[in-house]
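A short reminder: the numbers here are calculations on the coordinates, not readings from a lab. Predicted model, so just to flag it, every value in this text is computed and none were measured. Cβ placement follows ideal geometry from the backbone for every residue including glycine, while neighbour counts extend to all protein chains displayed.
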Amino acid sequence: MMTMKNKPLFVLIIIFNILITSFAVAQAKVEPETIREKMQWFADAKLGIFIHTGIYSVNGVDESWSFHNKKISHKEYMTQLNGFTLKNYDPVFWADLIKESGAKYAVITTKHHDGVAMYDTKMNGMSILKQTPAKRDMIDPFFKELRKRGLKCGAYFSLIDWSHYDYPGFLRDSARYKIEDDYARWNRFRTFFQGQLAEIDTKFKPDLWWFDGDWEHSAEQWEAEKIRNILMTNNPNTIINSRLQGYGDYETPEQNFPVSRPKSEWWELCMTINDNWGFQHKDLNWKTPYEIITIFADAVSHGGNLLLDIGPKEDGTIPSEQINILKELGAWNKKHGEAIFGTKAGIPQGHFYGPTTISKDSTSLFLFVHGTNSGQLMLKGLDSKISDISVVGSGTKLNHKIVGKISWSKVPGLVYIDLPKQNLISMSLL
Ligand code: GLC
């Protein structure tokens, strides 16, 4: 069993009695007020759960890529349609679990690159309703349950559709045709996929669109600008990720842990819970709750969100290891949420060796302390006066000392904070 017991990640809170002036929080380009307003829930959300559900979970192969990269034939890949049952699918449980994790939104695959729609599309016959024993729409009940709990709903949609007869790309080294040679055929595909977007838009009104696969064609070819305009006209508050060839609202680095602060104001790190997006029974390389929480704190400290992916099984159940991780994450958030939610990006690197966040009113600084440190922590370049330091979650007060502050010098001293001893650390455990 994975546990946090041996390796706590605890958080200190430092309350300032004046505003922080020397810490410049990263300022991105000025956006129109309307975009800023619509992005607010996203900026505050910090944590989302990504769900890769699809027929690839039947045999546990790479989602769509397994046939594209010729690990197996397209025919063999498609035999998985027969095994996708969803017989134990419980959207109430899914939504409860996501809520419990502390996430504020979820993003689910409505269609991956394999072209199998997870909802009731009328644009072609390739859906789990028409082709699998599941015979049901997964998205509709799931979004309903999320919304009942005040969670935002994101629709992942792959622009690529490697199974569609009118889509140019198919296998890694072979295409059906070139767009330049057959515009009529490409136009048929555009009508098809844009029809699916219209369906999803009307049926589910996503709060967030998570496009994928834009790299295979240009903005002009996809008609990215037109797509953005249509989606925004129908729902001016909808948020669009960056994978729409330049027509999105925020960046989506993938599996890429932040080393320095990304330039864009809004960004989201999407990351797998083991080494694969979809369920693969052989992949037991689970990240531990501790690893996920440290990555999460790091992303938030750099002003981003974490979109943590889970991959449910073909019967609709979520593997127990994934449930356990989400619950541990939830327990940690419950205790330390003050340092995550309602905060903004922390102080620039160099002041403190670890992730930090700042309360929105800039009167509290949160320091994330990894592992089982004890002794003294050091904080550099702090102009503000400290009124109080305590451990988040337990409230234990901590002493500090200012070293090297000379009365006549403007140079701020170094802050040394006495970390709690082991027994106090254990008070902050889950
Ligand atoms: C990649 C992959 C895809 C996965 C996505 C999630 O773009 O093509 O399989 O769904 O990343 O971010």
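Could you tell me how many of the residues in the stretch 205-238 are crowded, with 21+ Cβ neighbours inside 10 Å, away from the ligand (no atom under 16 Å from the Cβ) and closer than 22 Å to K46 by Cα?
2
Given the criterion within 16 Å of the ligand (Cβ to nearest atom), part of a loop (DSSP other than H, G, I, E, B) and not polar (S, T, N, Q), identify the matching residue among G125, G154, G115, G150.
G115
Collect the residues in the stretch 316-342 that are over 20 Å from F257 (Cα atoms) and β-branched (V, I, T), keeping them in residue-number order.
T317, I318, I323
Quick one: which of I310, I340 is within 16 Å of the ligand (Cβ to nearest atom), under 30 Å from W94 (Cα atoms) and surrounded by 20 or more Cβ atoms within 10 Å (Cβ to Cβ)?
Working: I340 fails: within 16 Å of the ligand (Cβ to nearest atom).
Selected residue: I310, the only one of I310, I340 that is within 16 Å of the ligand (Cβ to nearest atom), under 30 Å from W94 (Cα atoms) and surrounded by 20 or more Cβ atoms within 10 Å (Cβ to Cβ).
Considering only residues that are within 16 Å of the ligand (Cβ to nearest atom) and in a strand (DSSP E or B), look in the stretch 157-200 and name the one that is nearest to the chain's Cα centre (by Cα).
Looking at residues that are within 16 Å of the ligand (Cβ to nearest atom) and in a strand (DSSP E or B), I get F157.
Residues that are away from the ligand (no atom under 14 Å from the Cβ): which helices (runs of 4 or more DSSP H) entirely in the stretch 46-93 hold 2 or more of them? Break it down stepwise before answering.
Numbers: elements: 56-59, 65-68, 74-78.
It comes to 56-59, 74-78.
Residues of the stretch 169-202 being among the aliphatic types (A, V, I, L, M) and crowded, with 17+ Cβ neighbours inside 10 Å, which ones? If you could, list the steps in order and put the result at the bottom.
Step one: of the stretch 169-202, the residues among the aliphatic types (A, V, I, L, M) are 171, 175, 179, 184, 197-198, 200.
The answer is L197, I200.
Residues are listed down the side, and each one gets a yes or a no for (1) closer than 20 Å to Y290 by Cα; (2) of a type outside the set (A, V, I, L, M); (3) crowded, with 16+ Cβ neighbours inside 10 Å:
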| residue | (1), (2), (3) |
| --- | --- |
| W332 | yes, yes, yes |
| K360 | no, yes, no |
| I389 | no, no, yes |
| H400 | no, yes, yes |
